[in-house]
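Derivation of every value follows stated rules applied to the coordinates shown; laboratory data play no part. Treat the numbers as computed from the prediction; the structure is a model and nothing was measured. Ideal geometry is used to build each Cβ from the backbone, glycine not excepted, and the neighbour counts take in all protein chains shown.
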Amino acid sequence: MFCIQCKQQLPPDAFFCPNCGQKVEPPSDAPAGNASADGSNPSAAGQTGCAGAPDRIESYLNYAIVITILAVFNCGSIVNLVLGIAAIVYASKVDRNLLAGDRKEAEACAQTAKMLCMIATGVIALQLLLVLFVFFAIMICLVLPILLQ
């Protein structure tokens, strides 16, 4: 099957052209209604929602945005800013790939976004521990001489 706009070859289960974004019209020999090609119900085959709509994949976009905002407010954290922006980029690709019919790539982008967010969370936790350690070290250095007098 080919895109009617850009003439690129389409994956067999695509809803939109991955090249130009044009909505893919089902072939005229495709079954109508809720039945799939083998006559079964698509929801019984693991699909949910509308007929032909792919399952939802968690994109972790909200998590990536929160990480990026925390990186902006934490002035010394360029690493978290880079990780957050990369996570946003990968998370934004999830729905686009899913709509294009490329579920495997959508899952890979979701996993990458999740991994980047988890790494950024670990870096934030380490930074907080370092700040607490320095704070308590300074407090001990200030209070200990007073207590020893």
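Between Met1 and Val89, what length comes free when the chain is fully extended (0.36 nm per residue of separation minus the Cα-Cα distance, one decimal in nm)?
Separation in residues times 0.36 nm, less the Cα-Cα distance, equals 28.7 nm.
With only alpha-carbon pairs counted, each pair once and no self-pairs, how large is the Kirkwood hydrodynamic radius of the stretch 56-148 in angstroms?
After inverting the pairwise mean of 1/r, the radius is 14.8 Å.
How far apart, in nm, are the 7 Å Cα→Cβ label points at Leu142 and Gln9?
Result: 7.0 nm between the two label points.
What does the charge add up to near Ala108, with Lys and Arg as +1, Asp and Glu as -1, over the other residues with Cβ less than 12 Å from its Cβ?
+1
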